[in-house]
Amino acid sequence: MTFRPDLAPLGGSLALSSVVAMLPLLTIFVTLGALRWKAHVAGLTALAVAVLVAVLACHMPVSLALLSATQGAVYGLFPIVWIVFTAIVLYQVTVASGRFEDLRAVFNLISDDPRVQAMLIAFCFGGLLEALAGFGAPVAITGVMLMAVGFSALRAATVVLLANTAPVAFGAIAIPIITAGNLTKIPYTEIGAYVGHQTPLLAAFVPLFLCLLADGRRGVRQLWPVALVTGLSFAVAQWVSATWLSVELTDIIASLVGLGAAVLMLRVWRPVGGAEALADLHADRDAERASLSEEARAALPADKAVASHLPSGRIWMALFPYLLVVVVFSLSKLWTPLKTWLAGTDVKIRWPGLDGHVLTAAGKPSTSTVYTFQWLSSPGTMLLICMVIVALVYRVAPRDVLREITGTAHKLRYSMLTIASVLSLAYVMNQSGQTITIGTWIAGTGAAFAFLSPVLGWLGTAVTGSDTSANALFATLQQTAGKHAGIDPTLLVAANTSGGVVGKMVSPQNLTIAATAVGLLGRESEILRRVIWWSLGLLVVLCLLVGLQSTPVLAWMLP
């Protein structure tokens, strides 16, 4: 029994088939955003809709649809949940050691303004984590760090989701771009150069947006000089590195340049209003805590005084876990012998009952039915190694580490279910042909497709939570559509990657990661309502940019 997706299974109508194929996505966004259901309930409901559409509309055998769901669920648990779990345990071990308060003091030494700290932590440090790890780790780690400097949980989650945009295209050592190059046979360095002439225009203004989220118009008015210096430095470094230096190292270079520029700026210029902003943030946090149950409030860390001075030894020890993360990921991603050895430990599993029975729309055997078990090379395993080393260096007792592990597992129980259901939905939609049907319909707009091409990347990342997966879904489609419409195929493949950058913040997977990290389980819908308009607004900007880059108006921008 084999199944080959039909691009227009409903009476040969691509439009009608696409509308029906969108039902699972509409279900999850309506139940989360409008009906305010719990994320795991919304995810399971949307999964049920996806299976029904796959069976009744796409004519996929029930057994294959259910097996696709099981493969997606396992992928959701490992590596996605594994990465989130180990990132949070790493943080919890630093809290248990008492060293996390020193980290707060380190950021205070750079600037005691919480709005500046939001830029440094969420944008610069988060960008560095995205460059090395990706897969939600930056959101999980920087979210709890922002809470430590005084942000409410909801505001922290919103800030880190918006900050985790510009670096995504070059995340995990440019895996999204490399994937697109492998699929389309366009040199990934060319795709990266094109992306490097799109996403920096967003990156330049993200710190300003973060100031707005952190402190409204007052924050923008008081912090615009350092925000622009940080954003423009990051953007220029990203542009230069992607075009002429190294696609793989683009985010590492950009994050370090942005951080360095911010620190230098703060040596010659000090923002005003930091004390008032901190008081307002604390009031916001206290109001949020008052709305929580006693059990939820008891789980939050108690406020502690921040040291005004730290000896150099304590500064290095406070930074040690995060420097260790940078070193470990740099070695595993950039040192070729180690990278090759780690990749060699991956176990390829042909999904039983599914592999060989699902074809692509082109009639070729689907490669998505092979599950890769990255037991050692996974970013989650790298974070686990870092956690063990940190526990040893910080002299955290084994029983305390075990307590943090079991406590985190209990806290994540509903998040695990949510992420597993969302990835199940993505696999069912992909392997039944629902996703490619939607993409083909949008791609049928001819020359106007250049203005819509980022929408496919946005859609793919919103569904899967991964820009890499969005490129795996749509990169070849973008290339084909470009050839048929007389548009530069490289531009459209790059646009798919750039569109995914702004789709990640509304991905149910990422929303759940953010909610779990800051202790807002079950309130993903509130976070979604705060970030959805940012996501759509930035998507419109990208659509206009790419559309104009396909014309003489902005074609001069391209490499």
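Annotations for the structure displayed:
- Test: residue in segment 140-151 that is at pLDDT 90 or above and surrounded by 22 or more Cβ atoms within 10 Å (Cβ to Cβ): no
- Scanning segment 352-359 finds no residues that are in contact with a Ser or Thr (Cβ under 6 Å, 6 or more places away or on another chain), in contact (Cβ under 8 Å) with a residue 24 or more places away in the chain and acidic (Asp, Glu).
Okay, residues lined up against (1) among the aliphatic types (A, V, I, L, M); (2) not in a loop (DSSP other than H, G, I, E, B):
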| position | (1), (2) |
| --- | --- |
| Ala54 | yes, yes |
| Met60 | yes, no |
| Leu77 | yes, yes |
| Gln92 | no, yes |
| Asn108 | no, yes |
| Asp112 | no, no |
| Val116 | yes, yes |
| Cys124 | no, yes |
| Ala131 | yes, yes |
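- Matching residues, segment 535-559, being surrounded by 13 or more Cβ atoms within 10 Å (Cβ to Cβ) and either among the polar types (S, T, N, Q) or more than 22 Å from Ala443 (Cβ to Cβ) (or both): Ser535, Gln549, Ser550, Met557, Pro559
- Among the residues listed as Ile80, Ile110, Ile88, Ile121, the single one being buried (at least 24 other Cβ atoms within 10 Å of the Cβ), more than 21 Å from Leu44 (Cβ to Cβ) and touching a residue at least 40 places away in the same chain (Cβ under 8 Å): Ile88
- The residue of segment 169-199 that is nearest to Leu477 (Cα to Cα), among those that are of a type in the set (Phe, Trp, Tyr) and touching a Gly at 6+ places or on another chain (Cβ under 9 Å), is Tyr188.
- When Thr165 is tested against (1) on the phi < 0 side of the Ramachandran plot; (2) outside any loop (DSSP other than H, G, I, E, B), just one condition goes unmet, and that condition is (2).
- A single entry from Gln92, Gln71 fulfils the requirement of being of a type in the set (S, T, N, Q), touching a helix residue (DSSP H, G or I) at 6+ places or on another chain (Cβ under 7 Å) and modelled with pLDDT under 85: Gln92.
- Unmet criterion (only one of (1) closer than 30 Å to Met147 by Cβ; (2) of a type outside the set (Phe, Trp, Tyr); (3) in contact with a helix residue (DSSP H, G or I) (Cβ under 6 Å, 6 or more places away or on another chain); (4) crowded, with 23+ Cβ neighbours inside 10 Å) for Ile532: (4)
- Selection within segment 198-240 - among the polar types (S, T, N, Q) and either assigned to a helix (DSSP H, G or I) or without any contact (Cβ under 8 Å) to a residue 60 or more places away in the chain (or both): Thr199, Gln222, Thr230, Ser233, Gln238
- Applying the condition of being among the β-branched types (Val, Ile, Thr) and modelled with pLDDT of 90 or more to segment 478-500 and asking which residue is nearest to Lys38 (Cα to Cα) yields Thr497.
- Note on segment 479-490: among residues that are assigned to a helix (DSSP H, G or I), out of contact with any Gly (no Cβ under 7 Å at 6 or more places or on another chain) and in contact (Cβ under 8 Å) with a residue 60 or more places away in the chain, the one that is nearest to Ser424 (Cα to Cα) is Gln479.
- Residue match in segment 274-287 (condition: out of contact with any Asp or Glu (no Cβ under 9 Å at 6 or more places or on another chain) and either modelled with pLDDT under 80 or not in a helix (DSSP H, G or I) (or both)): yes
- All positions within segment 36-60 that are closer than 29 Å to Ile527 by Cβ and either of a type in the set (Phe, Trp, Tyr) or without any contact (Cβ under 8 Å) to a residue 40 or more places away in the chain (or both): Trp37, Val41, Thr45, Ala48, Val49, Leu52
- Checked against (1) surrounded by 16 or more Cβ atoms within 10 Å (Cβ to Cβ); (2) in a loop (DSSP other than H, G, I, E, B), Pro24 passes all but a single condition, namely (2).
- Residue within segment 15-32 that is hydroxyl-bearing (Ser, Thr, Tyr) and touching a residue at least 24 places away in the same chain (Cβ under 8 Å) present: yes
- Residues considered: Ala494, Ala481. Of these, the only one that is surrounded by 24 or more Cβ atoms within 10 Å (Cβ to Cβ) and touching a His at 6+ places or on another chain (Cβ under 9 Å) is Ala494.
The values are calculated or read from the model by the stated rules, or taken from the named source; none is laboratory data. Predicted model only: the values in this text are computed from it and were never measured. Glycine gets a Cβ as well: all are built from the backbone with ideal geometry, and neighbour counts include every protein chain shown.
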